[in-house]
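Q: Here you go, one structure.
The values are calculated or read from the model by the stated rules, or taken from the named source; none is laboratory data. This structure is a prediction, so every number in the text was calculated from the model and none was measured. Cβ atoms come from the backbone with ideal geometry, glycine included; neighbour counts cover every protein chain shown. With ligands, DNA and RNA removed, areas are computed over all heavy atoms of the protein, side chains included. Shrake-Rupley method; radii C 1.70, N 1.55, O 1.52, S 1.80 Å.
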Amino acid sequence: MKPKVAIACQGGGSQTAFTAGVLKALFENKIQDYFKIVSLGGTSGGAICALLIWYALKKGEDPERPYHIPMIEMSEDLAQSLNYESKLDRSPENIKQLIEDGEKQGKQFLETRLSQMGLS
């Protein structure tokens with residue numbers, strides 16, 4: 001029996017890009033093969049990311065499908081529409097870096113957890 005997991009996604013404007021990157025890494029590394037996903041939700045942009053993933057899972061789409069593409073595109077569109085002169089660097093380059101950072105963190109988390117469970 002697979003352990004159950006609930007995934008909560010952060011919101012916060014450009015931080016949605018980080019969330020998209022984490023989800024990309026988790027699902028590309030087949031988190032659903034190791035855990036029963038019992039809940040997937042979030043706040044603000046994180047809720048949108050969660051909705052896109054949950055909808056695809058409920059439709060029974062191929063696990064190899066790149067769920068992250070709409071999330072990544074949404075994050076890049078967000079970067080284009082924000083005021084670049086704010087205190088936070090929300091440039092397209094920064095958004096892409098947030099996505100990459102999220103991917104690294106998501107993959108590292110999953111690898112560590114699977115190792116702890118003796119599944120790696």
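Q: Working out 0.36 nm times the residue gap between residue 109 and residue 32, then minus their Cα-Cα distance, what length gain in nm do you get to one decimal?
A: 26.3 nm
Q: Next question, about the same structure. Ignoring ligands, DNA and RNA, what percent of the accessible area of region 4-67 is carbon or sulfur (1.4 Å)?
A: Taking all protein chains in place, region 4-67 shows 54 percent carbon and sulfur surface.
Q: Straight-line reach from residue 96: which lysines have Cα under 25 Å away, leaving out those fewer than 8 places along the same chain?
A: 24, 30, 87, 104, 107
Q: Calculate, in nm to one decimal, what residue 1 and residue 55 gain on full extension: separation in residues at 0.36 nm each, minus their alpha carbon distance. Walk me through the numbers on the way to the answer.
A: Numbers: separation 54, 0.36 × 54 = 19.44 nm, distance 2.36 nm.
Here the segment from residue 1 to residue 55 would lengthen by 17.1 nm.
Q: Hey, what do the phi angles of region 36-41 turn into as Karplus ³J(HN,Hα) couplings, whole Hz, using 6.51/-1.76/1.60 and θ = phi - 60°, x for Gly and Pro?
A: After applying 6.51 cos²θ - 1.76 cosθ + 1.60, I find 8, 7, 9, 7, 8, x Hz.
Q: Sticking with this one: What is the set of long-range amide H partners of residue 40 at a cut-off below 5 Å, with H atoms built 1.01 Å from backbone N?
A: Counting only residues 5 or more places away or on other chains, the set is 7.
Q: Taking the Cβ of residue 105 as the centre, find all other residues whose Cβ is under 14 Å away and add up their charges (Lys, Arg: +1; Asp, Glu: -1).
A: The answer is -1.
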